[in-house]
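For reference, the structure is listed below as structure tokens.
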Amino acid sequence: MTTMVPGQRWMSNTEAELGLGLILEVEFNRVTVLYLATGERRVYAKANAPLTRVQFSPGDSIESIDGEKIKIDAVQEQDGLLIYIGKNESGDSVTLEEMDLNPHIQFNKPQDRLFSGQFDSPAWFQLRYETWRRQEAFQQSSVKGLQGARAALIPHQIYIAHEAANRIQPRVMLADEVGLGKTIEAGLIMHHRLLNGLSKRILVIVPDALLHQWLVEMIRRFNLRFSLFDEERCQVAAEVGENPFLTEQLVLCGQGFLAQHPKRQQQVLDAGWDMVVIDEAHHIEWDEQNPSAEYRFVENLALSTPGLVLLTATPEQMGAKSHFARLRLLDPDRFYDFEQFQAEQKQYEPVAEIAHRLLSDSALTIDEIDTLQQLIRHDHAEKLLAQVNQADDIRAVRDELIQLLLDQHGTGRILFRNSRQTVKGFPDRQCHAYSLSANGAAVEDVYQDWLLKKIKQLGSEKALLICHKAETVVALEKWLREKHGIAAAVFHEGMSIVERDRAAAYFADPESSATILLCSEIGSEGRNFQFVHHLLLFDLPDNPDLLQQRIGRLDRIGQTHVIQIHIPYIENSPQHVLYRWYHEGLNAFQHNCNGAAQVLEQVQPEL
């Protein structure tokens, strides 16, 4: 740095708007600068002051404190101070000491800063350049928005999120089996589209029981700050005469709230969205002749929204018609008639067989090529089929044929479903059945005695109990508390959302005295209890998909223990029959059974 002398003019690198600074005082380790244009005074550490010496050269134009413009012919230095010699606008010779320079001179243009010597060291330039270069690479990255989640991402989640998020209008159903991370996939899709400017306004509709879980997950994992909407918040906005759903860009609300307030449904439709995400979408009921009010609302929302993402682990839990109804929401042109949809389903076997052959490396026979010609109706198909056995890049040709098959048969590219058979990392399961004898005692007492013994046997190990009815949960909690002094957390649909969240947090706290959480069926959806490895099925559901949802609360990627499933039953009771069918017929306690719903349709009368 140039030697500092009182009277010199210096410019601040960080506050150029202050104008020319005048050095007032230079001490051993500090320097005092007065900025006459603003009246500001600064004291800097001499060793690292953010200052640049102002030195003009012959040919430059300067201005005196009196406003006289001078073109410099020569520059002299005397005792560390500069003296400028030049001519004014009248052509007269003028001498101007640097102390008399106009303090309002600023160097805002890049060339001004360069020519006045006001630039940083090459190291700072290199740092800025490298930062900009990396920012450019990040902005152009195909995985921008998919990398920053606070989650251990799994390949199938990245693939689905990337595939769906980059579509012009993402309209998909995420139907991975329980525990495979559909919420993470939906969060990745939203995060990607928001960061890349592909979507700005997003509405998420979830079961009321999952509102706070979604709110926390989106903040904690993706830093997406959704606003939670309920009737109280909407009434506040209504008082000033505005649509409450226009006050926020990212909105989260419950299915029950919208079902109870039709006026809010119309406001949601009027607000306009870039994307709508609906969790546990299998609850949307549909009848071709008389669709429910909830379905009509979602259908209107789907028609007016470019992006629609439906989440369900059990797409056919409510039957084939219900599954078709959700596909119809996503693509009404493709899925327009239920009978046609069923007819197509019967043709899946030859489509699957030919797709399997395309995935192999062996050559296709003439009959197989003829089959493909019949299955694929596309102008480009004939050219592809001519190259299917001898093209330079056979894999690319066959992949394109597979994509055409997907588009024209089955659910196409709108449904993504991964199974546990193809994804690694799940724990083992062990099934423990308990045959109970009533011997004239009330069935309720027999089950309660078994539960008491099991709780005592588990000691400090936490357990999750799921049964069908909320009344059973309430009665069990009261019996444990009043008769035996055992603390239990409860979770059922009769509680408010906040009460449910508190109960789940109380149970999850390792310091709490509650070693068992008593849940009604509502606890089998959406919640994550993978820190528990004992599941007590106090009764069995009559739907195998619902059974897998119950087990899926514990059986998730990240579970570190073998899951212990406990099933009590009275000999020759309905519970005993269901247990035998699930265990001996489907092996559903040890493994997920993908075709269980179809098997149920065939054997339900006999069962």
key: Only Lys, Arg (+1) and Asp, Glu (-1) charged, at Cβ; the stretch 533-599 dipole about Cα centre in debye   = 220 debye
message = Could you check the spin-label model distance between Q147 and S121? Points 7 Å from the Cα along Cα→Cβ, value in nm.
response = 2.9 nm
key: Contour excess over end-to-end distance, with Cα ends at R502 and K453 and 0.36 nm allotted per residue   = 14.9 nm
inquiry  = What number comes out for accessible area per residue over the chain if the probe is 1.4 Å? Units Å², please.
reply    = 50 Å²
key: Extended-chain gain in nm, criterion 0.36 nm per residue less alpha-carbon gap, K71 and E606   = 182.0 nm
Order by protection proxy (mean Cβ within 10 Å, highest first), peptides 236-242, 536-542, 267-273, 322-328 = 322-328, 536-542, 267-273, 236-242
query = Which distance in Å, rounded to a whole number, links the C-alpha centroids of the stretch 215-238 and the stretch 61-87?
reply = 64 Å
remark   = Farthest towards the positive end of the dipole of the stretch 152-216, among I189, I158, M173 and with Cβ unit charges of +1 on Lys and Arg and -1 on Asp and Glu, lies the Cα of I189
inquiry  = Tell me the relative contact order for the chain as a rounded percent, counting alpha carbon contacts under 8 Å between residues six or more apart.
reply    = 10 percent
Ranked by how many other beta carbons lie within 10 Å on average, peptides 398-406, 72-80, 150-158 from highest = 398-406, 150-158, 72-80
request  = Can you send over the carbon and sulfur percentage of the accessible area for the chain, probe radius 1.4 Å, protein chains only?
outcome  = 50 percent
note = Placing each pseudo-label 7 Å from Cα in the direction of the beta carbon, H261 and I168 end up separated by a distance in nanometres of 3.6 nm
query = Taking 0.36 nm per intervening residue step and subtracting the Cα-Cα distance, what contour gain separates E353 from S227 on full extension?
reply = 40.6 nm
key: C-alpha center-to-center spacing [the stretch 415-473, the stretch 126-145] in angstrom   = 52 Å
query = Can you work out ³J(HN,Hα) from phi for every residue in the stretch 55-71, in order, using Karplus 6.51 cos²θ - 1.76 cosθ + 1.60 and θ = phi - 60°, giving whole Hz and x for Gly and Pro?
reply = 9, 8, 10, x, x, 6, 9, 10, 9, 7, 5, 8, x, 7, 8, 9, 9
query = If R0 is 45 Å, what FRET efficiency do you get for V236 and F531 from their C-beta distance, rounded to 0.05?
reply = 0.75
With Cα atoms, 0 to 90° folded angle of helix 348-359 axis to the chain main axis = 50 degrees
Size of charge dipole - the chain - debye, nearest 20, with Cβ of Lys, Arg +1 and Asp, Glu -1, no other charges = 1260 debye
message = Between A363 and T131, how high is the FRET efficiency from 1/(1 + (r/R0)^6) when r is the Cβ-Cβ distance and R₀ = 45 Å? Nearest 0.05.
response = 0.25
key: Among W286, V351, T305 - extreme Cα towards positive end, dipole of the stretch 265-369, charges at beta-carbon   = T305
note = With +1 on the Cβ of every Lys and Arg and -1 on the Cβ of every Asp and Glu, the dipole magnitude of the stretch 161-259 about its Cα centre, in debye rounded to the nearest 20, is 480 debye
note = Distance in nm between D428 and R42 label points, each 7 Å along Cα→Cβ, equals 7.0 nm
task = Quick one: what are the phi-derived ³J(HN,Hα) couplings along the stretch 173-180, Karplus 6.51/-1.76/1.60 with θ = phi - 60°, whole Hz, x for glycine and proline?
result = 10, 8, 10, 4, 4, 3, x, 8
query = Looking at this model, which pairs from K424/K469; K454/K478; K200/K263; K456/K478 are more than 27 angstrom apart at the alpha-carbon?
reply = K424/K469
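The values are calculated or read from the model by the stated rules, or taken from the named source; none is laboratory data. Note that the structure is a prediction, hence the values are computed from the model and not measured. All Cβ positions, glycine included, derive from the backbone under ideal geometry; neighbour counts span all protein chains shown. For accessibility, only protein heavy atoms count, side chains too; no ligands or nucleic acids. Shrake-Rupley method; radii C 1.70, N 1.55, O 1.52, S 1.80 Å.
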